[in-house]
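Since the structure comes first, as structure tokens, the remarks are kept for the end.
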Amino acid sequence: MRNFPELIHTLKESNNIVITTHLIPDADGIGSEIALCLALKKLGKNVICCNDEPLLERYRYLDPHHNVVGHDQLKEKFEQTPELIVVVDTNTIERTGHKLTTLAHSSGADIIYIDHHPCKQHGKNGHYIDTSAAATGQMVGELIKEMQIEIDPYIALPLYTAILIDTSSFRYPTVTADTHQLIAELMSTGIKPPLAYNGIYGAKKIEHMHLLGKVLSNASLDNTGSIAWIVLTADELEEYDVDIEDTHGFINNLLILDKVKITCMFRDDGDRVKVSLRSTSGLDVGSVAINLGGGGHSHSAATIIYKENGQDLDLIIKNVISKIQEAVL
Ligand SMILES: [Mn+2]
């Protein structure tokens, strides 16, 4: 729900502002917070991005002015008590981690959520929740435009990257003409796609490719040919020395299969299995994930299944695939 006037009023009335995002942040969370931070600085605000942990090396190109700190560095850079905490790309304070949750409670700051995930805050005054938005980065871009703050290349690159990553390179049904309109405006500041694309997708190690090759060579298809899946184990991650973060995109490789409507990735962590789901067909994997105890968007969702009662990985896969078949085919 776009409630720009109230949101903009709150932003303009506040001076000491902390922007944060969810734990283990992705480029949408990080890009959105950096862009909003730079925009609010142009209004003369005392503002900083503070996450549970410092920025990972791979995202530093988005933050040349060092506006993002980990919570433990906050005091050095930001002495004031925040009046306002803006949470982007998630919609509960708990998802920002216990350090930020404690800060929110102890400071007594107001909290605003800017997010595109389905949630309880939907429709509540003051927050900016749009579950149809392709990325939080798109929402932040539209907010910055509505505030008539000039978008410069330092704001444009994190927003471009946020939208690129959350749409898996513009391939989901959530991508609209408005998305591309904003992308055009971002590019007109002079930023170039390779900078974002290579920063996110073009910085892998050779071990990453070897693991991807192994995982893809064992990809499976159900008997209808419309559901494809891959399996990744914690042992393989260790063996190939690949970061979990680097494996999130593995599932996207399945989306190129002819007639495939839904793709899954099962990551066996030992005592539990993380199940990621993607859809490029308009079929709703979000409700499938909810049925399995998880959640997410209609095109991208996930859940975690614990190996209780002796359930092994094969049984979990079989159950999940048949649940998907029942739900959407
Ligand atoms: Mn997002």
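Against the list (1) in contact (Cβ under 8 Å) with a residue 60 or more places away in the chain; (2) under 19 Å from I163 (Cα atoms); (3) surrounded by fewer than 19 Cβ atoms within 10 Å (Cβ to Cβ), the condition H65 fails is (2).
Is one or more of the residues making up segment 161-169 aliphatic (A, V, I, L, M) and more than 19 Å from the chain's Cα centre (by Cα)? Within segment 161-169, none of the residues are aliphatic (A, V, I, L, M) and more than 19 Å from the chain's Cα centre (by Cα).
State whether the residues of segment 17-24 include one that is surrounded by fewer than 19 Cβ atoms within 10 Å (Cβ to Cβ), assigned by TED's automatic domain parsing to the domain that holds H117, within 16 Å of the ligand (Cβ to nearest atom) and not in a helix (DSSP H, G or I). Within segment 17-24 (the criterion being surrounded by fewer than 19 Cβ atoms within 10 Å (Cβ to Cβ), assigned by TED's automatic domain parsing to the domain that holds H117, within 16 Å of the ligand (Cβ to nearest atom) and not in a helix (DSSP H, G or I)), the answer is yes, since at least one residue qualifies.
The residue pairs whose first member lies in segment 99-121 and is assigned by TED's automatic domain parsing to the domain that holds E83 and of a type in the set (D, E), whose second member is more than 12 Å from the ligand (Cβ to nearest atom) and modelled with pLDDT of 95 or more, and whose beta carbons are closer than 6 Å, counting only pairs six or more residues apart or on different chains, are D110/L84. If you go through segment 49-67 and keep only what is away from the ligand (no atom under 16 Å from the Cβ) and either in contact with a helix residue (DSSP H, G or I) (Cβ under 6 Å, 6 or more places away or on another chain) or closer than 13 Å to Y154 by Cβ (or both), you end up with C50, D52, Y61, D63, P64, H65, H66, N67. Surrounded by fewer than 14 Cβ atoms within 10 Å (Cβ to Cβ) and closer than 23 Å to P25 by Cα - does that describe any residue in segment 249-271? Scanning segment 249-271 turns up no residue that is surrounded by fewer than 14 Cβ atoms within 10 Å (Cβ to Cβ) and closer than 23 Å to P25 by Cα.
Counting only helices (runs of 4 or more DSSP H) that sit completely within segment 148-262, those holding 2 or more residues that are within 16 Å of the ligand (Cβ to nearest atom), within 30 Å of L11 (Cβ to Cβ) and out of contact with any strand residue (DSSP E or B) (no Cβ under 9 Å at 6 or more places or on another chain) correspond to 153-166, 177-187, 193-201. Of T224, T247, T263, all but one fail to be among the hydroxyl-bearing types (S, T, Y), touching a residue at least 40 places away in the same chain (Cβ under 8 Å) and assigned by TED's automatic domain parsing to the domain that holds I304; the exception is T224.
Here G126 clears all of (1) away from the ligand (no atom under 16 Å from the Cβ); (2) within 20 Å of E146 (Cα to Cα); (3) in a helix (DSSP H, G or I) except the condition numbered (3).
Being in contact (Cβ under 8 Å) with a residue 24 or more places away in the chain and assigned to a helix (DSSP H, G or I) holds for only one residue in K274, K323, K318, and it is K323.
The values are calculated or read from the model by the stated rules, or taken from the named source; none is laboratory data. In this text the structure is predicted, and so the values were computed from the model without any measurement. Glycine also receives a Cβ, built like all others from the backbone with ideal geometry; neighbour counts cover every protein chain displayed.
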